[in-house]
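Rule-based calculations on the coordinates, nothing more; no lab input. Given the structure is predicted, the values throughout are model-derived calculations rather than measurements. Positions of Cβ are backbone-derived with ideal geometry, glycine not excepted, and every protein chain shown enters the neighbour counts.
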Amino acid sequence: MLHGMAVSTPPPAWPEGPWDVLVLGAGIHGLCTAFWLVQRGVRRIAVLDRYGPGHALGSSHGGTRITRTSYHDAKFVALAQAAHRDGWPTLERALAQPLRVRTPGVFHGPPGGPFDAYLVAATQVPDVLEPLSPTAAAARFPVLRFAAGDAVLHDHSAAVVLAARTMAALRAWLAAHGVQFGWHQGVEHLEADAHGVRAATAQGCLCAAGAVVAAGPELATLAADLAPPLTVVHQQVGYFALDAAAATLEPGAFPVWAHVAPGPAGFTYGLPALEGAGAKAAVHRTTAPAQPEHASPEPDPAELLAMARARFTVPVLGLAATERCRYTMTQDQDFRVERRPGAPLVGIAACSGHGFKFGPEIGRLAAARLLD
């Protein structure tokens, strides 16, 4: 029986399985869901993933992510505050290591465009988000380019999330707490009713009292009723060698940043150089959907270099490295964590390119949806 949830005896066609909960997908949201299930007392948990640990075919790989309070919507501001106040500190205590590196955040854009919504949402946290003039911002962050008319917010809550470290530490912690991982074990079909769930894989069928689907675009095929319209958008990321003193590009001196302007390529962002990599920067793309099974195209060096030269004041010497990833986008870039009525099945659609920073809170919510 699931801790906190009554499950009736399954019919003969559904023999009782060994699992309390199946978590489908071992990205940040699946791992955080499993973490909170363990915290809630659930013991027989299996995490299944179509690929191997640390694979680059989803949205949770790579070394770093941004966390911030600057957002266009008050609900994301509140969710970020919860993650900073409780979610990430809880993970750091449990995993016994730091998962974030504090650094300033600076977010800016021309007035009259999408950045105006950031300025409105910022009014609810004036102690965290400090307006700056473009002149003051340029003096404080001289490597970044600010237009004379830009509106600017200095985000005092910002940090670099050590994404790869977080994922590896979560996998190790979960394994140490009895969670079983089924790598290269994709679920081809999922059934759920009031008695529980059954997941069909190439290795056989698994039965459980409940399940959480945190498998990106696969939610649409495994539990279509829990999936909003989803598209997959390929992303390309660059790590740049800049003609600047190394100390000015490291966390603490160099900020996490975003420039928010109108247009399909108007949202650009970046992070400090960390662990020998160059300064990270990319365009946050929300259009040009592609089929999820298609491999991400090779990054375009010329396009990446042009983007970087538009955003940095110092010479861009070249590309140190590139990276590819995929966003699973909802139409409004919002998150969905829904439970099927009458069945112990929860679906998570919470990527949209900005979901990693909310992983601890999304996982907490998914576990609560299932158990409560």
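Over the C-alpha atoms of the chain, the Rg to Rh ratio, Rh being the Kirkwood estimate, stands at 0.99. Compared with the alpha-carbon gap, the fully stretched path from ALA139 to THR313 is longer by 61.4 nm at 0.36 nm per residue.
Here is the P(r) of region 150-278: all C-alpha pair distances, binned every 5 Å from 0, give 2, 7, 11, 13, 13, 14, 12, 10, 10, 6, 3, 1, 0 in whole percents.
Would you mind finding the longest exposed-site-free stretch of the chain, with exposed GluC sites (Glu not before Pro) meaning DSSP loop and at most 16 other Cβ atoms within 10 Å? Here the longest segment lacking exposed loop sites spans 17-274. Against the chain, whose longest principal axis is taken from its Cα atoms, helix 359-371 shows a tilt of about 20°. The length gained by stretching the chain between ASP73 and ARG43 to full extension, at 0.36 nm per residue less their Cα-Cα distance, is 7.1 nm. Rg/Rh for region 94-198 stands at 1.22; both radii use Cα atoms, and Rh follows the Kirkwood definition. Between ALA321 and ALA147, the C-beta separation translates, for a Förster distance of 41 Å, into a calculated FRET efficiency of about 0.90. Between helix 163-176 and the chain there is an angle of about 20 degrees, using the helix long axis and the longest principal axis of the Cα atoms. Taking the C-alpha atoms only, the angle from helix 28-39 to the longest principal axis of the chain is near 50 degrees.
If both residues of a DSSP beta bridge must be in the chain, then about 75% of such bridges are antiparallel.
Only alpha carbons enter this Debye calculation for region 261-351, each as an equal point scatterer, and the log10 of I(q)/I(0) it gives at q = 0.10, 0.16 Å⁻¹ is -0.39, -0.83. Reported to the nearest whole Å, the Cα centre-to-centre distance from region 52-89 to region 189-225 is 26. A quarter of the convex hull surface defined by the alpha-carbon atoms of region 50-153 gives 8.9 nm² as the mean projection. Ordering LEU226, ALA241, VAL197 by Cα displacement along the dipole of the chain toward the positive end leaves ALA241 in first place; charges were set at the Cβ atoms of Lys, Arg (+1) and Asp, Glu (-1).
Tell me the relative contact order for the chain as a rounded percent, counting alpha carbon contacts under 8 Å between residues six or more apart.
Details: 855 pairs, mean separation 92.1, N = 372.
RCO, the chain: 25 percent.
Here's the picture: a label point sits 7 Å out from the Cα of HIS156 along the beta-carbon direction, and within region 94-134 the residues with their amide nitrogen under 19 Å of it are 101-108, 119-134. Extension gain for HIS189 to ASP116 (0.36 nm times residue separation, less C-alpha to C-alpha distance): 21.8 nm. Farthest toward the positive end of the dipole of region 320-372, out of GLN331, ALA368, ALA343, is the Cα of ALA343, where the dipole comes from beta carbon charges about the Cα centre. Once R0 is set to 22 Å, what does the formula 1/(1 + (r/R0)^6) return for the Cβ-Cβ distance between GLU275 and ALA96, expressed as a FRET efficiency to the nearest 0.05? It comes out at approximately 0.65.
Each Lys and Arg adds +1 at its Cβ and each Asp and Glu adds -1 at its Cβ; summed about the Cα centre, region 98-241 shows a dipole of about 600 debye.
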